[in-house]
Amino acid sequence: KSRTSTKRWRRLSEHWGSKMPKQRITDQSEIEGLLHEALVGHIAMCKDDEPYLVAVNFVYRDGKIYFHSSRRGQKIEFLEANPRVCFAVERVVRFARGPEACNFSTRYVSAMAHGTGRFLDDPAEKKQALTWLVDKYAQGDPYAPVPDRRLPEIAVVEITVERLAGKRNVDREQLQQH
């Protein structure tokens, strides 16, 4: 390495330090905005002291998170056993590099929701949640609605959000901006 390169890396290392620049997000509308824009969420559940985490397509609306599933499977078994869930989304901002392994990181913004899930049984509620879900992913493209005859085959889960939290891992210069 050249002397200039070594000095540059030393300055970067001193600048970043060993701690990642993280900040809690206290603005609830910012956290909800992230829930609205994220395309994939991760739902964590627990049954008989066994954790389970799975990625799902979802929609966030009026303090509730909705997703659909087959009527059978691990998600369903876990939710039936324990309706308490944790739900997370994130947006990767960029990758950060540094002179040492401890300086490498990902800059991101994340949101986490704690709540209780319930299966929607009412066909009208189920159809409305599925419409919101498809509207999100169709992004304005036309589509045929879910036929009523298919509703019994589909499980739709509504998570009532009881607590929201957010965190950002950003460059130090950005901490003052938020």
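The values are calculated or read from the model by the stated rules, or taken from the named source; none is laboratory data. Keep in mind it's a predicted model, so treat the numbers as computed, not measured. Neighbour counts are summed over all protein chains in view; Cβ atoms, including those assigned to glycine, are modelled from backbone coordinates with ideal geometry. Each accessible area value is taken on the protein alone, full model and side chains, heavy atoms only, with ligands, DNA and RNA left out. Shrake-Rupley method; radii C 1.70, N 1.55, O 1.52, S 1.80 Å.
Below are the figures for this structure:
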{"read-out": "Matching residues, the range 153-178, being open to solvent by less than 20 Å² (accessible area, probe 1.4 Å) and either modelled with pLDDT of 95 or more or under 17 Å from Gly33 (Cβ atoms) (or both)", "value": "Ala155, Val156, Val157, Glu158, Ile159, Gly166, Arg168, Val170"}
{"read-out": "Hits in the range 86-109 (condition: surrounded by fewer than 17 Cβ atoms within 10 Å (Cβ to Cβ), under 16 Å from the mean Cα position of the chain (by Cα) and of a type in the set (Lys, Arg))", "value": "Arg91"}
{"read-out": "Number of positions in the range 110-130 that are open to solvent by 50 Å² or more (accessible area, probe 1.4 Å) and without any contact (Cβ under 8 Å) to a residue 40 or more places away in the chain", "value": "7"}
{"read-out": "Restricting the range 65-85 to residues that are in a strand (DSSP E or B) and surrounded by fewer than 17 Cβ atoms within 10 Å (Cβ to Cβ), the residue that is modelled with the highest pLDDT", "value": "Arg84"}
{"read-out": "So Thr116, is it under 21 Å from Ile31 (Cα atoms), out of contact with any Cys (no Cβ under 6 Å at 6 or more places or on another chain) and modelled with pLDDT under 95", "value": "no"}
{"read-out": "Qualifying residue in the range 104-127 (condition: assigned to a strand (DSSP E or B) and more than 30 Å from Gln23 (Cα to Cα))", "value": "yes"}
{"read-out": "Among (1) touching a helix residue (DSSP H, G or I) at 6+ places or on another chain (Cβ under 7 Å); (2) within 21 Å of Val134 (Cβ to Cβ), the one test that Asp62 misses", "value": "(1)"}
{"read-out": "In the range 87-108, the residues that are free of Cβ contacts under 8 Å to residues at least 40 places away in the same chain and either acidic (Asp, Glu) or more than 22 Å from Ile31 (Cα to Cα) (or both)", "value": "Arg97, Ala101, Phe104"}
{"read-out": "Test: residue in the range 43-56 that is loosely packed, with under 11 Cβ neighbours inside 10 Å, among the hydroxyl-bearing types (Ser, Thr, Tyr) and modelled with pLDDT of 85 or more", "value": "no"}
